[in-house]
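**Student:** Okay, here's the structure, questions in a sec.
The values are calculated or read from the model by the stated rules, or taken from the named source; none is laboratory data. Bear in mind that the values here come from a model prediction, so they are computed numbers and not experimental data. Counting neighbours? That spans all protein chains shown, and the Cβs are built from the backbone with ideal geometry, glycine included. For the accessible areas, the whole protein counts, side chains as well, though only heavy atoms, and no ligand, DNA or RNA atoms are used. Shrake-Rupley method; radii C 1.70, N 1.55, O 1.52, S 1.80 Å.
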Amino acid sequence: MKNYKNIIFAFIAFTTINFNVYSQKTIQNVFDRESISLKGSWNYIIDPYQMGYLDYRQKPFDESPSGKGGFYDNLNNVSKETKVEYDFTNEPTLDVPGDWNSQDQRLMFYEGTLWYKKDFVITPKDNKNYMLYFGAVNYECHVYLNGKKLGTHKGGFTPFQFDVSSKLNNGENFVVLMVDNTRKKDEVPTINTDWWNYGGITRDVLLVSTPKEYINDYKVQLAKDNKNVIEGFVKIDGAKDSQEVSVEIPELKIKSVFKTDNDGFVKFNIPTKN
């Protein structure tokens, strides 16, 4: 049985959390984990008519039988017989993280679809999990890795991630995003809004690696209506049986060991005199 000695430097807050229910969340403490940063220059293509996403029948290319045909294929150096009307290699770049409005005068008032592309190199390890993590993208985005769709996300101010452990190439890889900041009357932001609707990949992008068994989520706080009890939970992903978890708060001279259930979850209570 493995002993997880994970030091949690707690920020104790008087908030109410329901510890009886655990739901899968974006991985916690992401910036202190092993990762490759994908910030920097990304090539981009302006696509107001979504030519790189919809076919002539206005159906998404990624929903076709082949799944191909969109800008996410990232075709380049093709033969003259192949009809391709884009090439990320020869396109300008935007800094990520950052909005597109302030980086290119043509995009100052642009509202619509824009494609991003970034190349990276990695040698995946068999004993690791890999997650493609986005701090925020405004507003709706479709994410592709090596020409395959990972999924979509709506919401310009929330982080999200995709498990890419089995989707990485050994060596060269590329990630493509279609980002759309179009305002809609039944979404946020609405047609009439009191802030500027910036578009783009506005927060960090990371390729995060973890062991096969790792702490996905945790919470530590004072118990509701009881300042003499610290309560919380720890959730280990990839655990095949019960595990030991060490919770340590050095400032309070607290160090306790708990055992998870077979799903890697444990809820704990720690008495404290002060």
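**Student:** Straight-line reach from Lys39: which aspartates and glutamates have Cα under 12 Å away, leaving out those fewer than 8 places along the same chain?
**Tutor:** Answer for Lys39, where 12 Å is the Cα cut-off: Asp95, Asp119, Asp204, listed by chain and number.
**Student:** Considering only protein heavy atoms, with the full assembly of protein chains and a 1.4 angstrom probe, order Phe120, Phe61 by accessible area, largest first.
**Tutor:** My answer, sorted largest first, is Phe61, Phe120.
**Student:** While we're looking at this one, here's another question. Before I look further, what does the chain give for accessible area per residue, probe 1.4 Å, in whole square angstrom? Don't jump to the answer; show the numbers that get you there.
**Tutor:** Details: 15730 Å² over 274 residues.
Roughly 57 Å² per residue, with all protein chains present.
**Student:** Next question, about the same structure. Could you tell me what % of all Cα pairs in the stretch 164-274 have separations over 24 Å?
**Tutor:** 57 percent
**Student:** Still on this structure, please answer the following. Carbon and sulfur together cover what percent of the accessible area of the stretch 97-155 at a 1.4 Å probe radius?
**Tutor:** Carbon and sulfur together cover 47 percent of it.
**Student:** Springs between alpha-carbon pairs under 10 angstrom, Gaussian network model over the chain: which of Leu54, Leu252, Leu206 fluctuates most?
**Tutor:** Result: Leu252 has the largest fluctuation of those listed.
**Student:** Now a separate question. Reachable aspartates and glutamates from Lys83, Cα under 15 Å, same-chain residues fewer than 8 places away excluded?
**Tutor:** Asp55, Asp73
**Student:** Still on this structure, please answer the following. A 18 angstrom limit on the alpha carbon distance is what I want to check against. Which of Lys25/Lys235; Lys118/Lys184; Lys154/Lys185; Lys128/Lys167; Lys125/Lys212; Lys25/Lys267 exceed it?
**Tutor:** Table pairs above 18 Å Cα-Cα are Lys118/Lys184.
**Student:** Additional query: Tell me, Kirkwood radius of the chain from alpha-carbon pair distances, in Å?
**Tutor:** 21.3 Å
**Student:** Of all the accessible heavy-atom surface of the stretch 177-229, with the other protein chains kept in place and a 1.4 Å probe, what percent is carbon and sulfur?
**Tutor:** Details: 1360 of 2750 Å².
Result for the stretch 177-229: 50 percent of the exposed heavy-atom area is carbon or sulfur.
**Student:** Would you mind checking the stretch 113-157 for residues with the amide N under 16 Å from a putative spin-label position 7 Å along Cα→C-beta of Thr26?
**Tutor:** 131-143, 151-157
**Student:** For a quick check, take a GNM of the chain with Cα springs below 10 Å and name the residue from Val175, Val208, Val229 with the largest mean-square fluctuation.
**Tutor:** Most flexible of the set in this elastic network: Val229.
**Student:** Hey, in the GNM for the chain with a 10 angstrom Cα cutoff, which one of Lys227, Lys149, Lys80 fluctuates hardest?
**Tutor:** Of Lys227, Lys149, Lys80, the Gaussian network model singles out Lys80 as fluctuating most.
**Student:** Related question: Quick one: if you stick a label point 7 Å off each Cα along the C-beta vector at Tyr49 and Asn197, how many nm between them?
**Tutor:** Placing both labels 7 Å along Cα→Cβ, they lie 2.2 nm apart.
**Student:** Still on this structure: Can you sort Thr113, Thr26, Thr123 by solvent-accessible area, 1.4 Å probe, largest first?
**Tutor:** Working: Thr113 5, Thr26 35, Thr123 95 Å².
The residues order as Thr123, Thr26, Thr113, largest area first.
**Student:** Same structure again: At what distance in angstrom do the alpha carbon centres of the stretch 231-262 and the stretch 205-219 lie from each other?
**Tutor:** Taking the Cα centre of the stretch 205-219 as reference, the centre of the stretch 231-262 is 15 Å away.
**Student:** Starting from the Cα of Asp87, step 7 Å along the direction of its Cβ; do the same at Arg183; then give the gap between the two resulting points in nm.
**Tutor:** The answer from the label model is 3.9 nm.
**Student:** On full extension of the chain, what length is gained from Lys154 through Ser37, given 0.36 nm per residue of separation minus the C-alpha to C-alpha distance?
**Tutor:** 39.9 nm
**Student:** Quote to one decimal, in nm, the extra length available between Leu75 and Ser165 on full extension: 0.36 nm per residue of separation minus the C-alpha distance between them.
**Tutor:** This chain segment gains 30.0 nm when fully extended.
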